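The values are calculated or read from the model by the stated rules, or taken from the named source; none is laboratory data. From a predicted model like this one, the values you see are computed outputs, not experimental measurements. When we count neighbours, we look across all protein chains shown, and the Cβ atoms used for this are built from the backbone with ideal geometry, even at glycine.
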C-alpha cells in the first residue's frame, strides 16, 4: 500500500462492507523494495496509521535513517522487522544442535539482534518513533530495554507463537511451524516471556500469516514461512496465564490497549466514551483446535488438534453484537 489512493480505497471499502474495524498500515518503501521512500505525509493524511515494510527488512542504513527522520516530522510510527539478511543466509530454522540433527540450515540469533542494535543507533540519530515488529531472542530484548533507558521512543512486539512454542515443536519437519523469525530454543522462549512480564516487550501480535496448501505441503526447506495466528491467539496466550508466567491483565493489555496506544487509536479499553469494540470470553472454557472448524480458508495452524483454554463467546463492534456463525 504505497499510494494514498489505495489507503482511501481500503478505508471506503471497509466502511461499506467490513463487519470489523480496518486500520491500514502503509508501505515504508515503494513496492516494499527497501529503496525509495513512500510518500509518508500523503499516506498518513489519507488515513494510514503506521508505516511498515512488512516482513522485508530495510538493509540500507541510509534509507532507514531517512525514513525515520521523515516520519518523525509527521509524528508517524515506523514498524520494522529487523534482520541481517546476509547473516540469515539460506537458513530456515533456528541455528543450533536441533537444526544440525534435522539437516536444515540455521538462522543465528545474531541475524536479528545485530540488526536490532543497528536500528536503535539509527533511531537515536533520527529521534523518530520506532516499533520492532517481532523479536524472538533475549539479546534483542536487551537492546530494546537499553534504548528505552536511553529515552528513545521505541517499543517491541512478539508473536504469540514465539511465546508459546519452541524449535522442538517442529518435530519431524512440521512445516506449519516454519516461521520468520524462526522458533527459538526453550531457554529463549522463557527469556522472552520474562521480557514480556517486565514490560520490555510491549505488544503481543498474532503474526497471522495464512498460507495456501500448495505453499506449505513441501519439504521443510522449500515451504513458505507463516501460519495462522488470529483464531488461536487468545487461547494460546492463556497458557501463559495458567502457567502463572504473566497475569491475565498483562496478557490482555499487550493485546488491546498497548497496541492501540502505540498506533494512536482510541480503542482497546473499557472506559466511558471509548468505542464499544469488545469481546466477552470465558477464560476457563477448553476447546480443541479442529481443522474443520477453523474459520480461515487456510488451515495451517501450529496448534492443530491441541486443547486450548479461553474461548470467545461474543464479539461486539461499535456496540453491535456479531453473529459468530456468520463470521
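Below is a table of values for the structure above.
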{"item": "Extreme residue, surrounded by the fewest Cβ atoms within 10 Å (Cβ to Cβ), among residues of the range 271-292 that are out of contact with any strand residue (DSSP E or B) (no Cβ under 9 Å at 6 or more places or on another chain) and closer than 21 Å to residue 236 by Cα", "result": "292"}
{"item": "Test: residue in the range 28-41 that is assigned to a helix (DSSP H, G or I), surrounded by 18 or more Cβ atoms within 10 Å (Cβ to Cβ) and modelled with pLDDT of 95 or more", "result": "yes"}
{"item": "Enumeration of residues in the range 243-264 that are in a loop (DSSP other than H, G, I, E, B) and surrounded by 16 or more Cβ atoms within 10 Å (Cβ to Cβ)", "result": "245, 246, 256"}
{"item": "Leading residue by the ranking (nearest to residue 295 (Cα to Cα)) among those in the range 194-231 that are more than 15 Å from the chain's Cα centre (by Cα) and crowded, with 17+ Cβ neighbours inside 10 Å", "result": "211"}
{"item": "Selected residue (only one of 199, 229 is touching a strand residue (DSSP E or B) at 6+ places or on another chain (Cβ under 9 Å) and closer than 30 Å to residue 77 by Cβ)", "result": "229"}
{"item": "Tabulated pairs, the range 186-215, first in contact (Cβ under 8 Å) with a residue 12 or more places away in the chain, second surrounded by fewer than 16 Cβ atoms within 10 Å (Cβ to Cβ) and part of a helix (DSSP H, G or I), C-beta under 9 angstrom, 6+ apart or interchain", "result": "186/168; 200/194"}
{"item": "One residue from 113, 176 being modelled with pLDDT under 95 and under 19 Å from the mean Cα position of the chain (by Cα)", "result": "176"}
{"item": "When residues of the range 274-298 are limited to those that are over 28 Å from residue 79 (Cβ atoms) and assigned to a loop (DSSP other than H, G, I, E, B), the one nearest to the chain's Cα centre (by Cα)", "result": "289"}
{"item": "Among residues of the range 103-127, those that are in a helix (DSSP H, G or I), touching a strand residue (DSSP E or B) at 6+ places or on another chain (Cβ under 8 Å) and surrounded by fewer than 18 Cβ atoms within 10 Å (Cβ to Cβ), counted", "result": "0"}
{"item": "Single residue of 162, 131 found to be in a helix (DSSP H, G or I) and under 18 Å from the mean Cα position of the chain (by Cα)", "result": "162"}
{"item": "Some residue of the range 63-83 being surrounded by fewer than 22 Cβ atoms within 10 Å (Cβ to Cβ), in contact with a helix residue (DSSP H, G or I) (Cβ under 6 Å, 6 or more places away or on another chain) and more than 24 Å from residue 26 (Cβ to Cβ)", "result": "no"}
{"item": "Condition check for residue 267: within 23 Å of the chain's Cα centre (by Cα), farther than 30 Å from residue 216 by Cβ and part of a helix (DSSP H, G or I)", "result": "no"}
{"item": "Filter result for the condition that a residue is touching a residue at least 24 places away in the same chain (Cβ under 8 Å), surrounded by fewer than 15 Cβ atoms within 10 Å (Cβ to Cβ) and outside any loop (DSSP other than H, G, I, E, B), over 240, 234, 308, 313", "result": "313"}
